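Chemist: My questions will all concern the structure given below.
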Number of protein chains: 2
Amino acid sequence: MPDPLDDRALAQLFHEARSYNSWLDRDVTDEQISAIYDLMKMGPTSANQQPARLVWCKSPEAKERLAQHAGEKNRPKITGAPVCVIIGMDLDFHEQLPWLFPHTDARSWFTGSEELRKANAFRNSSLQGAYLMLATRALGLDCGPMSGFDNAAVDAEFFADQPNVRSNFICSIGYGDPASIFGRSPRPEFDRFNRVL
Amino acid sequence: MPDPLDDRALAQLFHEARSYNSWLDRDVTDEQISAIYDLMKMGPTSANQQPARLVWCKSPEAKERLAQHAGEKNRPKITGAPVCVIIGMDLDFHEQLPWLFPHTDARSWFTGSEELRKANAFRNSSLQGAYLMLATRALGLDCGPMSGFDNAAVDAEFFADQPNVRSNFICSIGYGDPASIFGRSPRPEFDRFNRVL
């Protein structure tokens, strides 16, 4: 049974990590992008669905294509970042289950209900988005997640050839500029949103 | 700019962590439950929505009340765990935004659209569920997440007095029994589900 992580690690992942709005002039490499995914994909998803489909917008052109569909305040948070990743979700994730979850016929659990597939894709790709953010922080980088964009327009722009894939949220990644953030928003006391029965 | 976490920490969070089906006979304390929440609540949610509402089923009675609404194979994974937490989501999370996100009128962004509230509550409570799992692992404990249960029945059982709260998923927590798991399911190569533009 492992010990708790040390305070420095907990600070890096949770207590001192912040969502950034602007970014230092320092690249994120393809190797770092791969390393983020290699951690993220280890996180649990229901029946190993792995529904997240990721588009890493790294070139100025790709970031502009994404930013044009974002809310005005979010545009510079995209174009000014070393990379902004679109966390998409495959509504036909079940077609991959024969190899992702090979020991039983999990595909058949989802063939009958589009509603069930949508709920599973949304829940599990959101979990994967959270793993991505914590993986990013674990590797010494910072995040800036956003959901203020036109999902349908982003889907048409980036997933036109994959109509089964929909955008969930987006996340800028890089080295955050400490000058771009304000005080942290308040966090709830345990008793407000928790019950122990 | 922090360094990457060391290999031991990355193993504990990602590479060697597993979802467990049964549990060693060792308690999870109320202090550990509080510590999990104190990490989890630091994770980012859109406009600090914090929509997760948690019910920690710790007594045998509470675990039985939950297990009766789960799929048959999931029942012993609940009753045999030291604690099983219901990750609920508040569809009226926006009513809390005046104190959770005090510097602007974020509440008004959500008053007009129940659909927008539902999508935000589902996405952000799922993110928080992932933070909960990684916080649990960071503290040296193990997880066993499940979505195979009757959500409406669980809502009636545990959230009858809060009709604005719906169950998202559930997660057993404790010290996993290594004898209860099999080989890890395969993980995708980077190129399968990623594009860099």
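The values are calculated or read from the model by the stated rules, or taken from the named source; none is laboratory data. All figures in this text were calculated on a predicted structure; none of them were measured in a lab. Cβ placement follows ideal geometry from the backbone for every residue including glycine, while neighbour counts extend to all protein chains displayed.
Chemist: Does at least one position in region B:136-143 carry a residue that is under 23 Å from A:Arg187 (Cβ atoms), of a type outside the set (A, V, I, L, M) and assigned to a helix (DSSP H, G or I)?
Modeler: Checked region B:136-143: at least one residue is under 23 Å from A:Arg187 (Cβ atoms), of a type outside the set (A, V, I, L, M) and assigned to a helix (DSSP H, G or I).
Chemist: Something else about it: Does B:Asp92 fit the bill of being more than 9 Å from chain A (Cβ to nearest Cβ) and either hydrophobic (A, V, I, L, M, F, W, C) or in contact with a strand residue (DSSP E or B) (Cβ under 7 Å, 6 or more places away or on another chain) (or both)?
Modeler: No; evaluated as a whole, the condition is false for this residue.
Chemist: Take the conditions under 22 Å from A:Asn120 (Cα atoms), surrounded by 15 or more Cβ atoms within 10 Å (Cβ to Cβ), among the aliphatic types (A, V, I, L, M) and in contact with a helix residue (DSSP H, G or I) (Cβ under 8 Å, 6 or more places away or on another chain) and apply them to A:Val196. Does it pass?
Modeler: So A:Val196 does not fit the description; no.
Chemist: Just the residues that are within 7 Å of chain B (Cβ to nearest Cβ) and more than 25 Å from A:Asn164 (Cβ to Cβ), please, taken from region A:48-75.
Modeler: Within region A:48-75, A:Ser59 is the sole residue that qualifies.
Chemist: Spot the failing condition for A:Glu189; the list is (1) out of contact with any Asp or Glu (no Cβ under 6 Å at 6 or more places or on another chain); (2) surrounded by 15 or more Cβ atoms within 10 Å (Cβ to Cβ), and only one is missed.
Modeler: (2)
Chemist: Taking interchain pairs and intrachain pairs at least six residues apart, which have beta carbon atoms under 8 angstrom, with the first residue in region A:12-32 and surrounded by 15 or more Cβ atoms within 10 Å (Cβ to Cβ) and aromatic (Phe, Trp, Tyr) and the second at pLDDT 95 or above and in a loop (DSSP other than H, G, I, E, B)?
Modeler: Listed by first residue and then by second, the contacts come to A:Phe14/B:Met42; A:Phe14/B:Gly43; A:Tyr20/A:Asp177; A:Trp23/A:Gly80; A:Trp23/A:Ala81; A:Trp23/A:Pro82; A:Trp23/A:Tyr175; A:Trp23/A:Asp177.
Chemist: Which is more than 8 Å from every other protein chain (Cβ to nearest Cβ), without any contact (Cβ under 8 Å) to a residue 24 or more places away in the chain and part of a helix (DSSP H, G or I), of B:Ala156, B:Ala160?
Modeler: Testing whether each residue is more than 8 Å from every other protein chain (Cβ to nearest Cβ), without any contact (Cβ under 8 Å) to a residue 24 or more places away in the chain and part of a helix (DSSP H, G or I) leaves just B:Ala156.
Chemist: I'm trying to understand the selection: among the residues of region A:15-39, which are of a type outside the set (A, V, I, L, M, F, W, C) and part of a helix (DSSP H, G or I)?
Modeler: Once the filter is applied, which keeps residues that are of a type outside the set (A, V, I, L, M, F, W, C) and part of a helix (DSSP H, G or I), region A:15-39 yields A:His15, A:Asp30, A:Glu31, A:Gln32, A:Ser34, A:Tyr37, A:Asp38.
Chemist: State all residues of region B:119-129 that are of a type in the set (A, V, I, L, M, F, W, C) and in contact (Cβ under 8 Å) with a residue 24 or more places away in the chain; if no residue qualifies, say none.
Modeler: B:Ala121, B:Phe122, B:Leu127
Chemist: Taking B:Val196 as the residue in question, decide whether it is in contact with an Asp or Glu (Cβ under 9 Å, 6 or more places away or on another chain) and either more than 10 Å from chain A (Cβ to nearest Cβ) or of a type outside the set (S, T, N, Q) (or both).
Modeler: Against the criterion (in contact with an Asp or Glu (Cβ under 9 Å, 6 or more places away or on another chain) and either more than 10 Å from chain A (Cβ to nearest Cβ) or of a type outside the set (S, T, N, Q) (or both)), B:Val196 qualifies.
Chemist: Let me ask something else. Say we look at region B:114-123 and pick out the residues that are under 15 Å from the mean Cα position of the chain (by Cα) and at the interface with another protein chain (Cβ under 8 Å from one of its Cβ atoms); which of these is farthest from B:Glu64 (Cα to Cα)?
Modeler: Here the residue is B:Arg123.
Chemist: Report, by residue number, each residue of region A:136-153 that is within 11 Å of chain B (Cβ to nearest Cβ) and either surrounded by fewer than 18 Cβ atoms within 10 Å (Cβ to Cβ) or not polar (S, T, N, Q) (or both).
Modeler: A:Arg137, A:Ala138, A:Leu139, A:Gly140, A:Leu141, A:Asp142, A:Cys143, A:Gly144, A:Pro145, A:Met146, A:Gly148, A:Asn151
Chemist: In addition: When the residues of region A:172-197 are filtered to those that are under 22 Å from B:His103 (Cβ atoms) and outside any loop (DSSP other than H, G, I, E, B), which remaining residue is modelled with the lowest pLDDT?
Modeler: A:Ser180
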